[in-house]
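Notes follow the structure.
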Amino acid sequence: MPRRAESVAQTMKICVFGAGAIGGLMAAKLAARGDHEVTVIARGPHLAAMQQKGLVLRSEGTEITVPVRAVATAEEAGVQDYVVVTLKAHSLPGAARQMQPLLGPETAIVSAVNGIPWWYFHKLAGPHEGRRVESVDPGGVVSDLLAPSRAIGAIVYPAAEVPEPGVIEHTYGDRFTLGEPDGSRSPRVSALSEALIAAGLKAPVRPKIRDELWVKLWGNMAFNPISALTGVTLDVLIGDPGQRGVARAMMLEGQAVAEKLGVRFAIDVDKRIAGGAEVGAHKTSMLQDLERGRPMEIDALLGAVVELAALVEVPVPICDTVLALVRARARVAGCY
């Protein structure tokens, strides 16, 4: 169990549940280092390729093949010290039940999921401490199965994809910011940070993980649904004054909600938009899901913001409008 922060020499059991692009990147880095027991849970051709050939990581012009323990079920994996979850938020209610065999008394769940997480109000001092976020935790199904006390927040910055089964193509970024919901530098988060750093990743531990969570969400809550409605890439969206204006208005509404909840933004809205512009001709994940007929991350990225706005009594008329439109678009496409 991850009891000592002073050394990563202690072998830990780390499982990546749903080892797609981001989870696969982390698993490959950790497995290549070889300090810990790394297991990935996957399915279909991706699982078969990893079992037969190992996990291939292409990054910065190099390619390595890493032997990994790849299994189809949590029962095969057994109890872990850390379970890294890189699924989309709407998959969590179903996945939470499947994850139970991975969980021992001290197992930590590394929540590398975009949007407002199910544990958001855990240990958040104030009038809403312990509250459930219905948009991402419907009926409490996630928090009942994955206790918020297990959660370690993780903000994902790398970009990667799975161009073929068993292969991770890492295109940029190497930072996974970590943080405990209560802001402490606990032994378990320190040990995880050390393990990731030893594997060649950046893994700072931040005392105010929600502040960083909102900076990433700030762009996603606006760019993703607008792109799904218009069908354009990020550079076109930000370059068009009309679409950029809608995104900026949504982001300012989101900022007002976050600040009412105690969040402090380290940058201003225009700098955040400029950061999105630097990504270039990129299709947002929501647009990609729409085009491929897959469920879209509407509730975690925007629905939850609107829910929190109602909680803190902050009007968000632009977000309300865009949320209604993107939900309608998703229903028509069979993606909601």
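Each peptide in 19-31, 298-310 gets a packing score, the mean of other Cβ atoms within 10 Å over its residues, and the list from highest to lowest is 19-31, 298-310. The value obtained for the stretch 22-94, namely the Cα convex hull volume divided by the number of residues, is 109 Å³ per residue.
For the stretch 250-336, the normalised intensity computed at q = 0.13, 0.15, 0.21 Å⁻¹ comes to -0.51, -0.67, -1.10 (log10 of I(q)/I(0), Debye sum over alpha carbons, equal scatterers, no solvent). Rounded to the nearest angstrom and listed largest first, the equivalent-ellipsoid semi-axes of the chain from its Cα gyration tensor are 31, 23, 19.
Normalising by the residue count of the chain, find the relative contact order in percent from Cα pairs under 8 Å and 6+ residues apart. Intermediate values should be presented prior to the final figure.
Working: 659 pairs, mean separation 54.3, N = 336.
RCO, the chain: 16 percent.
Helices in the chain, meaning DSSP H runs of at least 4 residues, each add -39500 (n - 2.57). Divided by all residues, the mean residue ellipticity at 222 nm is -13000 deg cm²/dmol.
Computed on the Cα trace of the stretch 67-151, the radius of gyration divided by the Kirkwood hydrodynamic radius gives Rg/Rh = 0.98.
Here the stretch 13-207 has an Rg and Dmax of 16.0, 52 Å, counting Cα atoms alone. Shown here are the Rg and Dmax of the Cα trace of the stretch 122-177, at 16.5, 48 Å.
Quick check on my link table: of 88/208; 29/88; 13/216, which ones sit more than 27 Å apart, alpha carbon to alpha carbon? Don't skip to the end; give the middle numbers.
Values: 88/208 23 Å; 29/88 21 Å; 13/216 29 Å.
Pairs exceeding the cut-off: 13/216.
A Förster radius of 22 Å combined with the Cβ-Cβ distance from residue 328 to residue 252 puts the calculated FRET efficiency at roughly 0.40.
For residue 123, the aspartates and glutamates whose Cα comes closer than 13 Å to its Cα, not counting residues fewer than 8 places off in the same chain, are 180, 182.
Every number here is computed from the coordinates shown, using simple stated rules; none is lab data. A quick note: this is a predicted structure, and the numbers were derived from the prediction, not measured. Glycine also receives a Cβ, built like all others from the backbone with ideal geometry; neighbour counts cover every protein chain displayed.
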